[in-house]
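Below is one structure, written out as structure tokens; the observations come after it.
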Ligand code: CA
């Protein structure tokens, strides 16, 4: 894959119009100081009809993100004027758009998937740009095309988190009826995922993905975490059947207490 030589960013910035596509443009910000990597990513995203804006500096990225015109951000961890983690933390202070990290070091992964960073996904360099583009599409699908305002928090975000649940993503904690839940990392990430799309049925694989569980983990481990989450929710809201089992499909979180 030597498409790095194509120097594509300017030409591919505008997505090709396609009659069979949703006319709303999905826009992605890439903050990456390695030009060949950036060109490959831009090319792979363009193939998926995804518009990508590229900058090499954290400060430039932040300025663009503040303007709020993006649906997703891809952040390199090591940047000339800072790091992707700090950029992500600042971003999450004013926006909910999903973030994917590009990281060169496997020992950074724990931080990436950890609560403190709040990433939606990460890829380890060297990576396949096509694989990255596929993950971008998955995350955008999961986000349900909610933005259109670049993820800047709207007055009433859709879909609405269930009334009995209060997710504080910045502080990585979740309360049920005002009681802070004592959650493991995997439990937090699963419940946060479920709460973001009440009534949506998540497969075990999706929940494993959301919780950053290794692929080697058994899907059964999702059941264990769900069982523990149910017990914790039941302490705060015993009359609610909060997490529902969909046999053979997965789990969903109730939208209301009814
Ligand atoms: Ca870098």
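Derivation of every value follows stated rules applied to the coordinates shown; laboratory data play no part. The model shown is predicted, which means the values in this text are computed figures rather than measured ones. All Cβ positions, even for glycine, are placed from backbone atoms using ideal geometry, and neighbour counts span all protein chains on display.
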- Query: Going by how many other Cβ atoms sit within 10 Å of their own, how do 55, 99 line up, fewest first?
  - Reply: 55, 99
- Using every alpha carbon pair in the range 27-143, what percent of pairs falls into each 5 Å bin from 0 up to the bin containing the largest distance? 2, 12, 26, 28, 22, 9, 1
- Query: In nm, to one decimal, how far is the modelled label at residue 177 from the one at residue 81, with both set 7 Å along Cα→Cβ?
  - Reply: 5.0
- Ranked list, fewest to most other Cβ atoms within 10 Å of each Cβ, for 57, 64, 91: 57, 64, 91
- Expressed in nanometres to one decimal, the distance between label points 7 Å along Cα→Cβ at residue 224 and residue 185 is 1.6
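Subtracting the Cα-Cα distance from 0.36 nm times the residue separation, let me have the gained length for residue 249 to residue 94 in nm, one decimal.
Working: separation 155, 0.36 × 155 = 55.80 nm, distance 3.46 nm.
Between residue 249 and residue 94, full extension yields an extra 52.3 nm.
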- Two-decimal Rg to Rh for the range 165-253 - Kirkwood Rh, Cα set: 0.93
- Task: For a footprinting-style exposure proxy, rank 85, 94, 127 by other Cβ within 10 Å, fewest first.
- Result: 94, 127, 85
